[in-house]
1. Rounded, prolate or oblate, given the Cα gyration tensor of segment 28-113, with a/c below 1.5 counting as rounded?
2. For the chain, what proportion of DSSP beta bridges, expressed in % and rounded to the nearest 5, is antiparallel?
3. Hey, how many Å between the Cα centroid of segment 107-149 and the Cα centroid of segment 254-269?
4. No partner Cβ under 4.7 angstrom, meaning no disulfide-compatible partner by this rule: which Cys of the chain qualify?
5. Sticking to Cα atoms, compute the Rg of the chain to one decimal and its Dmax as the biggest Cα-Cα distance, whole number, in Å.
6. Given axes a ≥ b ≥ c from the Cα gyration tensor, I'd like to know whether segment 91-240 is rounded (a/c under 1.5), prolate (a/b larger than b/c) or oblate.
7. For the chain, what is the calculated [θ] at 222 nm in deg cm²/dmol (nearest 500), taking -39500 (n - 2.57) for each run of four or more DSSP H residues and dividing by its residue count?
8. Contact order normalised by length for the chain, with contacts defined as Cα pairs under 8 Å and 6 or more residues apart; what percent is it?
Amino acid sequence: MTIIDGKAFALKLREKIAGAVRDIKSSCNIQPALAVVLVGEDPASQVYVRNKGIATEKAGMRSIEHKLAADASEDDVVSLVKKLNADEEVDGILVQLPLPDHISSERVINEIHPDKDVDGLTEANAGRLILGKTGLVPCTPQGSVMLAKSVRDNLSGLNAVVVGRSILVGKPLAMLLLAENCTVTMAHSRTKNLDEVCREADILCAAVGRPRMVEGRWVKEGATVIDVGINRIEEDGKTRLIGDVDFDSAKERAGAITPVPGGVGPMTIACLLRNTVIAAARRRGLGAVEV
Ligand SMILES: NC(=O)C1=CN([C@@H]2O[C@H](COP(=O)(O)OP(=O)(O)OC[C@H]3O[C@@H](n4cnc5c(N)ncnc54)[C@H](OP(=O)(O)O)[C@@H]3O)[C@@H](O)[C@H]2O)C=CC1
Ligand SMILES: Nc1nc(=O)c2c([nH]1)NC[C@@H]1CN(c3ccc(C(=O)N[C@@H](CCC(=O)O)C(=O)O)cc3)C=[N+]21
């Protein structure tokens, strides 16, 4: 049984990205820039945004943070996005989710120029993903597939089950696995006999938001388990971060499994940096970057 080291994989990817950034700087004198927009003071979001900023700078890119008050209006956020769209220096725009309830995240996200949409969440990029056209691919699904491929050199013909069908994770992940020629099943809250469905999976992905929901007996012997869930729980008087998979029982049957923390999470940030360099190179006409 292999515990997939997402943290180590992400660090290697970040080194490659830093190399691509150095190449762009030395050949074109351009420093790719990522703008992150945070609305309100949600403590978890603040930590994520700070970590993204640090990772961006470590990769040699410029990090631009825009913090708006929790009572900022939808129009305030939209005008900021429009300003960032028009700013020649900005290559990537990320609006941290969730937004406060009075703001429509759908409207705000769709104001982002698709060529700067490093989260891959605009209608344009979602459409390109489905059509198999070049676009920007959502980070968490991209990182999940990279980790699955790190332990199985060919996903072709394998049964993949994705539990969860959100726009951010489940749906794009299913599309990426389909593009790898997996036979994909999308499961969700109305799926009947979820345990039986999961037991058919060679690649089992959980993106639900329910701590330890996927039990060991749901896992096919030898399966690759990708746990996307990030759940903060109180246990034994401590705050812990755990996944959607019951790691201890699942690892007894899995062939390979991602831990939480240290699995998919670090890959999300690495893929965000990857999308930023790719967006910079495309938008500025620098040719393809290999990362
Ligand atoms: N590692 C990372 O970088 C990231 C991790 N996450 C984590 O991934 C998890 C999922 O996030 P996200 O996709 O945004 O969550 P959402 O809440 O948007 O979606 C959850 C999905 O799970 C399904 N679901 C809920 N309950 C059940 C159930 N009992 N049985 C089967 N399916 C169920 C829902 O089904 P239905 O559609 O029918 O309601 C829905 O499709 C969370 O833990 C989140 O924190 C998220 C983003 C990045
Ligand atoms: N527009 C937008 N895009 C996102 O991609 C996005 C978002 N909004 N809102 C919130 C979710 C969540 N998310 C995570 C990123 C990194 C870790 C991560 O690095 N996790 C570490 C642990 C970090 C810790 O200790 O808290 C790990 O799993 O090892 C987790 C979760 C991105 N999201």
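Only the coordinates and a few stated rules stand behind these numbers; no lab work does. Since the structure is predicted, the reported quantities are computational estimates derived from the model, not experimental observations. All Cβ positions, even for glycine, are placed from backbone atoms using ideal geometry, and neighbour counts span all protein chains on display.
1. The shape class here is oblate.
2. Given both bridge residues lie in the chain, the antiparallel proportion sits at roughly 15 percent.
3. Taking the Cα centre of segment 254-269 as reference, the centre of segment 107-149 is 20 Å away.
4. By the Cβ distance rule, which asks for a partner under 4.7 Å, the isolated cysteines are C28, C182, C198, C205.
5. Here Rg and the maximum Cα pair distance are 19.0, 56 Å.
6. oblate
7. Computed ellipticity for the chain at 222 nm equals -13000 deg cm²/dmol.
8. 21
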